[in-house]
1. Taking H as built 1.01 Å from N, whose amide H comes closer than 5 Å to the amide H of A:H30, not counting residues under 5 places away?
2. Once you sort the root eigenvalues of the Cα gyration tensor of chain A as a ≥ b ≥ c, which label holds: rounded (a/c under 1.5), prolate (a/b larger than b/c) or oblate (the other case)?
3. Counting partner chain Cβ atoms within 10 Å of every residue's Cβ in A:165-171, what's the average?
4. With r as the distance between the Cβ atoms of B:Y226 and B:R3 and R0 = 35 Å, compute the FRET efficiency 1/(1 + (r/R0)^6) and round to 0.05.
5. Inside 10 Å of the C-beta atoms of B:137-146, what's the mean count of C-beta atoms belonging to other chains?
6. Report, please, the projected area of segment A:89-140 averaged over directions, based on the convex hull of its C-alpha atoms, in nm².
7. Taking each residue in A:101-109, count the Cβ atoms of any other chain within 10 Å of its Cβ, then average. What number comes out?
8. At A:S72 and A:T142, where each label point lies 7 Å from the Cα along Cα→Cβ, what is the point-to-point distance in nanometres?
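Bear in mind that the values in this text are calculations on the coordinates, not laboratory data. Fair warning: this is a prediction, and the values are worked out from it, not measured in the lab. All Cβ positions, even for glycine, are placed from backbone atoms using ideal geometry, and neighbour counts span all protein chains on display.
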2 protein chains.
Amino acid sequence: MGRVICAGLGPGDPDLMSLRAARTIGDARHVAYFRKEGRAGQARRIVEGMLNPQAIEYPMEYPVTTEIPFDSPDYTQALARFYDAWADRLASLAATEDVVVLCEGDPFFYGSFMHLHSRLQGRVPVEVIPGITGMTGCWNATDTPITWGDDVLTVLMGTLPEDDLVSHMQNADALVIMKTGRNLPRVRRALERAGRLSSAWLVERGTMPGQRVVRLAEVEPHDVPYFAIVLVHGHGRRPEIAE
Amino acid sequence: MGRVICAGLGPGDPDLMSLRAARTIGDARHVAYFRKEGRAGQARRIVEGMLNPQAIEYPMEYPVTTEIPFDSPDYTQALARFYDAWADRLASLAATEDVVVLCEGDPFFYGSFMHLHSRLQGRVPVEVIPGITGMTGCWNATDTPITWGDDVLTVLMGTLPEDDLVSHMQNADALVIMKTGRNLPRVRRALERAGRLSSAWLVERGTMPGQRVVRLAEVEPHDVPYFAIVLVHGHGRRPEIAE
């Protein structure tokens, strides 16, 4: 009997993949990965040149969203059917051989693989290989520690309501804000209201070709970066004397 | 001229090191690492069997603390002198050859290397190789996603005052609590006050031999785990509809 193995690919630079992930990917006979229809896909791009020439590839293409609004119940149902169908297909392949699923960053940190992971439980053995998260790649790109001492770090999604963003931004020492894209104007307003815009950095394509590290306050309003994360570094909260 | 290269070792399992870190460590002629006096040191243990037999090792032993309280100004000064001296020594080695500094997890995430990094700026080229953080290894050990959807994740140190811990624990979806050890009783009280103790896990020696994953509520009061992190998983906050 085979397994479904999800390999965390790390932040983008293939050289930052773990030894175990690289070996598993090079040995794989069946390789699956998510992508948008008609796109090469970021996960597949990271492993370019690493796959066994005999490997069979399974691009798992997200349902097209041009007809249905992204946040409608119909789209949620279409997505659920898509994950159901791929869980069945991977389980059936794994009945006889290992299947490797590629996943950017770390699979258990905001990863799409979890939708397959939950559907595969009890059907086939599932293994996950951790990866360096995208945010770790991005704070390394700034060449500055994100946290030290007793700093509190909070990770936020740019999709959150502006007031929630402001309150979290005021209460943490260090910040990571993901899912920026079209949410960037709201993220920027929230940082300004929280008094933290001047220390915010935008990292685009961290560890990848075309990497850009720039102060968020200097990003033009019409500029919508790709694969971008916003960071605010901690300054080393002093340890309190424990009672 | 050489460089000081800090290699992130990842969470503990040597197979989870990045390709770049493993290659850099295997090629190194000068290898430095922090440890407590008289101990092998966790960083050195992770690379056992990977070093070039010709490599020269530089154990950087923290000043002994039995005479001076850990949180006194005298200890802070002793630590500063220790980092000053090692920064000088590494800069002098790097004048002619590369020196590799080993660092558990990711060097820019609560890593001790930052004290050398800041002291080396402008003196020699410094490079940092990212690593999988210890917390990533620990949440992978629970075989459950730490975050999905729009979950807010907050990382806390167990050294923080109890009231601060409670307030952060109430406001985030997913939690990571580091520096547990002797702070574990306070962390546990704070989780109970925040209503989150029943969903908290303790992961000891994540990804290493002797790994233990247990519900925090079931940990005996006299049990003080080593290399332990407390986790509370998110449950997938639903994305709000952006305005």
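1. When sequence neighbours closer than 5 places are left aside, the close amide H contacts are A:I56, A:V100.
2. Since a/c reaches 1.5 and a/b is larger than b/c, the shape of chain A is classed as prolate.
3. The per-residue average across the peptide is 2.
4. Here the calculated transfer efficiency is 0.55.
5. 5
6. For the Cα atoms of segment A:89-140, the hull's average projected area reads 3.7 nm².
7. Average per residue, whole number: 4.
8. 4.0
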